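The values are calculated or read from the model by the stated rules, or taken from the named source; none is laboratory data. The structure displayed is predicted, hence computed values, not measured ones. Neighbour counts are summed over all protein chains in view; Cβ atoms, including those assigned to glycine, are modelled from backbone coordinates with ideal geometry.
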Amino acid sequence: MIIFDKVCKTFPLGNSALNDVSFTINDNEFVFLVGPSGAGKTSIIRMIIRDLAPTSGSIMIDDLEITKNNFNRIEILRRKIGIVFQDFKILPEKNIFENIALGLQIGGLSMKNIKKEVKEALELVNLSHKEKLFPVQLSAGELQRVAIARAVCGDRQIIIADEPTGNLDMKTTWEIIKIFKKIEGKRTVIIATHNADIVNSLKKRVLVLKAGRLVKDTQKGDYEL
Amino acid sequence: MKDIIISIRRAPYQSLATFSNLFFTLFLSLIILFSLTFIYGLLGYIESRPQVTVYFKADTAESAIFKMRDDLIASGKVSSAKYISKTDAFKIYKDLNKDNPLLLEMVSADILPPSLEIYAVQPSYLPQIAEFLKNKPGVDEVNFQRAIIERLINLTNIIRKSTLVFFAFLTFNAIITLLTIGHFKIALKKDEIELLRYLGASQWYIKKPFIGEAVFFALASTGLIYLIFLGIIFYLQPFISSYMNGVSGLGIDFRIFQLTVWPLNLAYLAGLYIITVLFGIVISVVATLFATQKYIK
């Protein structure tokens, strides 16, 4: 469960990124985070992974209050979360298997278990036959699928995707969304996006941000640009 | 090991720079360490020779000499004092001149003076001991190696101090250079580090491969240095042996154990190797820790 309680973020120069934002995301919920550029979507994502601290308010992830000044369990928090970036963040000198295994190695899993987990993740994203290839040999859509496989691999209960389809064409975008649909109900999924077509067709919970404020929170919601 | 080799292949020039810097620093450190231990061994050897020899007039009673010896030992400045009687002196004389019958015929025990061979607790006590003996009745002559010992002590002090300064500079320079090279190497892995942090890697997990590489470079450079060092030492051994002719052995007393420096032995050479390896690992790892810490922050 993710709880934002009156979270504000003001940067040192005085510009405000978030203003009094409160919401709760339950376990295994599927949520879209939408809004124009600068609305605060990325700030929320960065706060969930504790890459950015709020100026005021509190954030709870499961039983961890991550906004405490003396919070020192960032690694434990981040091992609960799988992140999919718009620019994929796939390491070019590692092959697909090694890229996906990264998160599992950090968790200290045995090689036997790593192989098993990676195999399952590759099956989920339909890339089983490409585990030995290098990123340069894959298309953008395939790279994003690798990133999703890395995010869902292991025991990561919260999957956050920041504009996961921002660099992809429509056909590939839908392939990516289908993968997220496959994990729906098994993990908490938060997708930050501009893409109104995706949001409106899936009819999931939508949190709409505007100028750092949460202006709409609807179940089976839609989004207008 | 596989990761270290991949990392070296990915940044060959930085790796070469790291290796060269460590090689230069550790080679100089090994030479300094070897020279210092040898000089200290030599100082110990000279200090172990009779430091003050006092010759008495031939008619001086043995009881007076023994009293003087006891007074000296009671002063706390003398570690030992050995009495050489006329007969003992004659035996030594005969032994030294056994190949020269003419000299042996000319001398008898009667004309040789009795003497005391005195060893000071500290070399700095030597002038006081000599001064004390000069004014005593029955004393004919006082010889002590003041000039040699004082010069050696001064030289050792100068060498020790200048070596410490040079060594500190060398260490500082090595760490700064390794740190700078480390920054370059870490910058090459910027994306990987950023990703690892997002995936929940601990600081130690991120630092571990860099530290492994630092230890590898320290071990590799020390191994090569030591092979070269052994080559030089064994090449020079005949020259050193001829120079050290007559010196049975040099050692350094570390209170808990005695280290023999000369003749060269396995324990001494192993000690030099271990110290150099440890020093290499310490500077290499410290520089890496600074570089990674600064970057991760």
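So which residues in the range B:9-36 are more than 19 Å from B:F167 (Cα to Cα) and small (G, A, S), if there are any at all?
Selection gives B:A11, B:S15, B:A17.
Looking at the range A:125-158, which of its residues are within 14 Å of chain B (Cβ to nearest Cβ) and among the acidic types (D, E)?
Within the range A:125-158, just A:D155 meets the criteria.
Of the numbered conditions (1) over 18 Å from A:R46 (Cα atoms); (2) in a helix (DSSP H, G or I); (3) touching a residue at least 40 places away in the same chain (Cβ under 8 Å), A:D155 fails exactly one; give the number of that condition.
Every listed condition holds for A:D155 apart from (2).
Is it the case that the range A:96-111 has a residue that's away from every other protein chain (no Cβ under 13 Å), closer than 22 Å to A:G166 by Cβ and either assigned to a helix (DSSP H, G or I) or touching a helix residue (DSSP H, G or I) at 6+ places or on another chain (Cβ under 8 Å) (or both)?
Yes, there is a match, as at least one residue in the range A:96-111 is away from every other protein chain (no Cβ under 13 Å), closer than 22 Å to A:G166 by Cβ and either assigned to a helix (DSSP H, G or I) or touching a helix residue (DSSP H, G or I) at 6+ places or on another chain (Cβ under 8 Å) (or both).
What is the number of the single condition among (1) at pLDDT below 90; (2) touching a helix residue (DSSP H, G or I) at 6+ places or on another chain (Cβ under 9 Å) that B:K207 does not meet?
All conditions pass for B:K207, except number (1).
Please find, among B:A174, B:A201, the residue that is surrounded by 13 or more Cβ atoms within 10 Å (Cβ to Cβ) and within 14 Å of chain A (Cβ to nearest Cβ).
Of B:A174, B:A201, the one residue that is surrounded by 13 or more Cβ atoms within 10 Å (Cβ to Cβ) and within 14 Å of chain A (Cβ to nearest Cβ) is B:A201.
Give me a count of the residues in the range B:40-69 that are modelled with pLDDT of 85 or more and in a strand (DSSP E or B).
Residues in the range B:40-69 being modelled with pLDDT of 85 or more and in a strand (DSSP E or B): 4 in total.
Residues checked against (1) touching a strand residue (DSSP E or B) at 6+ places or on another chain (Cβ under 9 Å); (2) of a type in the set (A, V, I, L, M):
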position: B:S35; (1), (2): no, no
position: B:G41; (1), (2): yes, no
position: B:G44; (1), (2): yes, no
position: B:K57; (1), (2): yes, no
position: B:L116; (1), (2): yes, yes
position: B:V121; (1), (2): yes, yes
position: B:L133; (1), (2): yes, yes
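Going residue by residue through the range B:92-105, is there one that turns out to be of a type outside the set (K, R) and touching a residue at least 60 places away in the same chain (Cβ under 8 Å)?
Looking for residues that are of a type outside the set (K, R) and touching a residue at least 60 places away in the same chain (Cβ under 8 Å), one finds none in the range B:92-105, hence no.
Given the structure, is A:F88 outside any loop (DSSP other than H, G, I, E, B) and out of contact with any Gly (no Cβ under 6 Å at 6 or more places or on another chain)?
For A:F88, the condition - outside any loop (DSSP other than H, G, I, E, B) and out of contact with any Gly (no Cβ under 6 Å at 6 or more places or on another chain) - is not met.
When the range B:139-182 is examined, which residues are found to be more than 28 Å from the chain's Cα centre (by Cα) and at pLDDT 85 or above?
Scanning the range B:139-182 gives B:V139, B:D140, B:E141, B:V142, B:L179, B:T180, B:I181, B:G182.
For the range B:1-50, what are the residues that are of a type in the set (S, T, N, Q) and within 14 Å of chain A (Cβ to nearest Cβ)?
The answer is B:S7, and nothing else.
Taking the conditions exactly as written (surrounded by 15 or more Cβ atoms within 10 Å (Cβ to Cβ) and among the acidic types (D, E)), does A:D51 satisfy them or not?
yes
Looking at (1) under 26 Å from A:A53 (Cα atoms); (2) surrounded by 18 or more Cβ atoms within 10 Å (Cβ to Cβ), which is the only condition A:L104 fails?
If we test A:L104 against (1) under 26 Å from A:A53 (Cα atoms); (2) surrounded by 18 or more Cβ atoms within 10 Å (Cβ to Cβ), just (1) comes out false.
Residue check: is A:L133 among the hydrophobic types (A, V, I, L, M, F, W, C), surrounded by fewer than 17 Cβ atoms within 10 Å (Cβ to Cβ) and in a loop (DSSP other than H, G, I, E, B)?
Yes.
Picking from B:I232, B:I225, which residue would you name as being away from chain A (no Cβ under 14 Å), surrounded by 15 or more Cβ atoms within 10 Å (Cβ to Cβ), over 15 Å from B:G41 (Cβ atoms) and aliphatic (A, V, I, L, M)?
Of the residues listed, the single one that is away from chain A (no Cβ under 14 Å), surrounded by 15 or more Cβ atoms within 10 Å (Cβ to Cβ), over 15 Å from B:G41 (Cβ atoms) and aliphatic (A, V, I, L, M) is B:I225.
In the same structural domain as B:I32 (by TED's automatic domain parsing), among the polar types (S, T, N, Q) and at pLDDT 90 or above: is that true of B:T292 in this structure?
no
Does B:S35 qualify as being crowded, with 20+ Cβ neighbours inside 10 Å and either touching an Asp or Glu at 6+ places or on another chain (Cβ under 9 Å) or of a type in the set (G, A, S) (or both)?
no
With the requirement that a residue be closer than 21 Å to B:S124 by Cβ, of a type in the set (D, E, K, R) and in a helix (DSSP H, G or I), what does the range B:70-98 give you?
B:D71
For every residue, the table says whether it meets (1) over 24 Å from A:A147 (Cβ atoms); (2) touching a helix residue (DSSP H, G or I) at 6+ places or on another chain (Cβ under 9 Å); (3) away from chain B (no Cβ under 14 Å); (4) in a loop (DSSP other than H, G, I, E, B).
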position: A:F32; (1), (2), (3), (4): no, yes, yes, no
position: A:S37; (1), (2), (3), (4): no, no, yes, yes
position: A:S43; (1), (2), (3), (4): no, no, yes, no
position: A:R46; (1), (2), (3), (4): no, no, no, no
position: A:N69; (1), (2), (3), (4): yes, no, yes, yes
position: A:G82; (1), (2), (3), (4): no, yes, no, no
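Which residue is surrounded by the fewest Cβ atoms within 10 Å (Cβ to Cβ), if the candidates are limited to the range B:263-285 and must be β-branched (V, I, T) and touching a residue at least 60 places away in the same chain (Cβ under 8 Å)?
B:I275
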